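What follows is a set of notes on a single structure, which appears directly below.
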Number of protein chains: 2
Amino acid sequence: MIFSSKAEYGVRLMVELGRQTPEQPTSLKAIAEAERLPLAYLEQVVARLKKAELVMSARGAHGGYWLARPADEITMDEVVQALEGAIAPMECFVSEHTERVLCSHDADVGHQHCATKLLWMRVQGGIARALQTTTLADLVEFSLREAPSAPALAVHPVVTSTAATAGAAALPAV
Amino acid sequence: MIFSSKAEYGVRLMVELGRQTPEQPTSLKAIAEAERLPLAYLEQVVARLKKAELVMSARGAHGGYWLARPADEITMDEVVQALEGAIAPMECFVSEHTERVLCSHDADVGHQHCATKLLWMRVQGGIARALQTTTLADLVEFSLREAPSAPALAVHPVVTSTAATAGAAALPAV
DNA sequence: GGATTAACCAACCGCGCTGGTAGGATTTCC
DNA sequence: GGAAATCCTACCAGCGCGGTTGGTTAATCC
């Protein structure tokens, strides 16, 4: 797989935050229950998003997280980068310090021109384009399209199992 | 990383075969030495390529491997698929039997419309496009462009360390 | 026909990363 | 002061990756 569950969970978390009214904190617990994800693990995930200054937080009772910027100003590029680190097709493509992409094999003495380089560059380009041209707002809108009448969270969630199953619309065949 | 070393090694192996005259077997040992890869591990890699009918082989003395088709009729899509299996951004995207891509979360009762689906679809599309539009011939040509005077292998290789270092041209900055 | 070459095959294995869990410390609101 | 949250650190089982080992079978050379 390309992305680990950190990316999956983190993106879902961001989408949930994108659905809320801005500046209003949403607790991790509410998100964990709505998305059925382990709370303790979500803590680690959201920590990365915070470090990248994509979300902000308030501690204490009625605290929680909210988006640091409007959803349409957040590219999924940034989100995935924060969650997974640099996305590269191969080990040799990621340079830790500069975060620039290059093939370290080129530096090998006596090594032929890295035959695979052209391919990995193209793949990398394809991924980067997809991530850069998709904003969080796109995903929020997409998620609302199918279940607009069933907000995933209430502001003060009284989460019972009914709340989660309420708006399960029929899904179109893929 | 997106691809494991199997893909890296396998692609390099294919490029080496693409540089040889067709139908003429090249031994794994020669390739392993030219690319400085562990022979025993290459055996496992090439086995996948053979199973996918991308290479053919002859046993015994002067045996070896060669491309099953001309290099310009082999897309890297096929090669990477043979080496890595289906490339999917997330676990839920790969359906073992059909090899079709879909999000299995959709089937979950009571699960919201998978918010991440749109993103992973786009990423997947970007990768697929890159792999499908690149042929092995492209990579062979690319590898020859930088080191045309230094064929990686002789037909009957007398591999000394000098042979490998001979054509190490200066590499342009990326 | 024996030696050599090379494909083919099946286990095995250490290591690091993934996907968590456990437990507590700290901050804020009622 | 207690409840509700974030925040922080450590720990851990399982598994896939990147090989290695040791052999068997098939074709060619001398």
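The values are calculated or read from the model by the stated rules, or taken from the named source; none is laboratory data. Since we're looking at a predicted model, the values are computed, not measured. Every residue, glycine as well, gets a Cβ built from its backbone with ideal geometry; the counts of neighbours run over all protein chains shown.
Residue count for segment B:19-31, restricted to those that are over 23 Å from A:LEU118 (Cα atoms), within 14 Å of DNA strand C (Cβ to nearest atom) and in a loop (DSSP other than H, G, I, E, B): 3.
Criterion applied to B:GLU43, B:GLU16 was being assigned to a helix (DSSP H, G or I) and within 16 Å of B:LEU139 (Cβ to Cβ), and the one residue passing it is B:GLU16. Scan (1) closer than 23 Å to B:PRO89 by Cβ; (2) at pLDDT 95 or above for the single condition A:ALA68 breaks and write down its number. With respect to (1) closer than 23 Å to B:PRO89 by Cβ; (2) at pLDDT 95 or above, A:ALA68 is out only on (1). Taken over segment B:54-81, the residue count meeting the criterion of being part of a strand (DSSP E or B) and either within 13 Å of DNA strand D (Cβ to nearest atom) or within 14 Å of chain A (Cβ to nearest Cβ) (or both) is 5.
In summary, B:GLU73 fulfils each of the numbered conditions (1) crowded, with 18+ Cβ neighbours inside 10 Å; (2) within 24 Å of A:TRP120 (Cβ to Cβ) with the single exception of condition (1).
Could you check segment B:104-157 and list, in sequence order, the residues that are modelled with pLDDT under 50, within 9 Å of another protein chain (Cβ to nearest Cβ) and not in a helix (DSSP H, G or I)? If the condition is that a residue be modelled with pLDDT under 50, within 9 Å of another protein chain (Cβ to nearest Cβ) and not in a helix (DSSP H, G or I), then B:ASP108, B:VAL109, B:GLY110, B:HIS111, B:GLN112 are the ones that fit.
When restricted to residues that are crowded, with 19+ Cβ neighbours inside 10 Å and away from DNA strand C (no atom under 16 Å from the Cβ), segment A:56-70 contains 1.
Kindly provide the set of residues from segment B:1-13 that are part of a helix (DSSP H, G or I) and in contact (Cβ under 8 Å) with a residue 24 or more places away in the chain, ordered by number. If you could, list the steps in order and put the result at the bottom.
Residues of segment B:1-13 part of a helix (DSSP H, G or I): B:5-13.
The answer is B:LYS6, B:ALA7, B:TYR9, B:GLY10, B:VAL11, B:ARG12, B:LEU13.
Report, by residue number, each residue of segment B:1-13 that is within 9 Å of chain A (Cβ to nearest Cβ), of a type outside the set (D, E, K, R) and more than 9 Å from DNA strand D (Cβ to nearest atom). Passing the criteria: B:ILE2, B:VAL11.
Say we look at segment A:46-55 and pick out the residues that are farther than 20 Å from A:ASP138 by Cα and touching a Leu at 6+ places or on another chain (Cβ under 8 Å); which of these is surrounded by the fewest Cβ atoms within 10 Å (Cβ to Cβ)? Once the filter is applied, the top-ranked residue is A:ARG48.
Looking at this structure, is A:THR26 farther than 26 Å from A:ALA130 by Cβ and polar (S, T, N, Q)? Judged against the criteria, A:THR26 is a match. Of everything in segment A:32-53 that is in contact with a Phe, Trp or Tyr (Cβ under 8 Å, 6 or more places away or on another chain) and within 14 Å of chain B (Cβ to nearest Cβ), the residue that is farthest from DNA strand C (Cβ to nearest atom) is A:GLU35. Reported count of residues in segment A:82-91, each being part of a helix (DSSP H, G or I) and either within 25 Å of B:LYS6 (Cα to Cα) or charged (D, E, K, R) (or both), is 2. Evaluate the following for A:PHE93: is it within 16 Å of DNA strand C (Cβ to nearest atom), touching a Cys at 6+ places or on another chain (Cβ under 7 Å) and within 14 Å of chain B (Cβ to nearest Cβ)? Here the answer is yes, as A:PHE93 does meet what is asked.
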